[in-house]
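Asker: Structure incoming, see below.
The values are calculated or read from the model by the stated rules, or taken from the named source; none is laboratory data. From a predicted model like this one, the values you see are computed outputs, not experimental measurements. Here the Cβ is made from the backbone with ideal geometry for all residues, glycine too, and neighbour counts use every protein chain on show. Heads up: the accessible areas ignore ligands, DNA and RNA and are worked out on the full protein's heavy atoms, side chains in. Shrake-Rupley method; radii C 1.70, N 1.55, O 1.52, S 1.80 Å.
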Amino acid sequence: KQEVTQIPAALSVPEGENLVLNCSFTDSAIYNLQWFRQDPGKGLTSLLLIQSSQREQTSGRLNASLDKSSGRSTLYIAASQPGDSATYLCAVGGGTRSYIPTFGRGTSLIVHP
Amino acid sequence: KAGVTQTPRYLIKTRGQQVTLSCSPISGHRSVSWYQQTPGQGLQFLFEYFSETQRNKGNFPGRFSGRQFSNSRSEMNVSTLELGDSALYLCASSYSREGPLNEQFFGPGTRLTVL
């Protein structure tokens, strides 16, 4: 059964810092990995999707990497802003005999001015 | 292009009742997935429908069921509600045939409270 762990669970940083959020998974036979952002009480917003054959994806100040063999992904946020405050969720797509996504518990990020 | 819409946004029910939630996917998306999000268990996959057929199912009891209509709109039903069913129920749609294994777009969710 696929298990996804996100570290740290919470993070509070001053504006302008560069951040690294971590996601690890136990079954490397994945189809893809997706990073989401969730604001309190709201739905999820897709940030980046990395297919299993890719190593990284970039969008603006966000960069996500994937190392399938070691079961790890990182989300790098450059020059953080207060508007980045949210919970960041990692979703691993599939696994051995699995065709559904498994979500981590998320990293709750606060960026203070 | 309109996003995924879910109705109602908030719902209060009592134990033993049943509830139906609705989800309208993005136009052209044929895959609709449902998720339950609670503080204790996080976000968990319920089931996925594609072209009116349930293709994937998570590990939830039979009280949780769903269906999809020919216009891709989907409904989720929970019968004999329990206190533990209180949660944010999220719907996601996907254009891809891989459904939940590819890029998904989420709705705002329905907040269900069971008293």
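Asker: First measure r as the distance between the Cβ atoms of residue B:59 and residue A:5, then evaluate 1/(1 + (r/R0)^6) with R0 = 22 Å and state the FRET efficiency to the nearest 0.05.
Answerer: Once the sixth-power term is evaluated, E becomes 0.70.
Asker: While we're on this one: With a 1.4 Å probe and every protein chain left in place, work out the accessible area per residue of chain B in Å², rounded to a whole number. List each step's numbers first, then the result.
Answerer: On the way: 5330 Å² over 115 residues.
Computed with neighbouring chains in place, this is 46 Å² per residue.
Asker: Roughly how many nanometres apart are two label points built 7 Å out from the Cα toward the Cβ at residue A:53 and residue A:112?
Answerer: Here the answer is 4.7 nm between the modelled labels.
Asker: A further question follows. With a 1.4 Å probe, how much accessible area is buried between chains A and B, both sides summed, in Å² to the nearest hundred? Mind dumping the intermediate values first?
Answerer: Values: alone 6260 and 6130 Å², together 10750 Å².
Separately minus together, A and B give about 1600 Å² buried.
Asker: Once fully extended, how much extra length lies between residue A:26 and residue A:42, figured as 0.36 nm per residue of separation less the alpha-carbon to alpha-carbon distance?
Answerer: 2.9 nm
Asker: Relative to the Cα centre, what is the charge dipole magnitude of chain B, using +1 at the beta carbon of each Lys and Arg, -1 at the beta carbon of each Asp and Glu, and rounding to the nearest 20 debye?
Answerer: Around 180 debye, computed over chain B.
Asker: May I pose another question? Nearest 5 percent is fine: what portion of the DSSP beta bridges confined to the protein assembly as shown is antiparallel?
Answerer: 90
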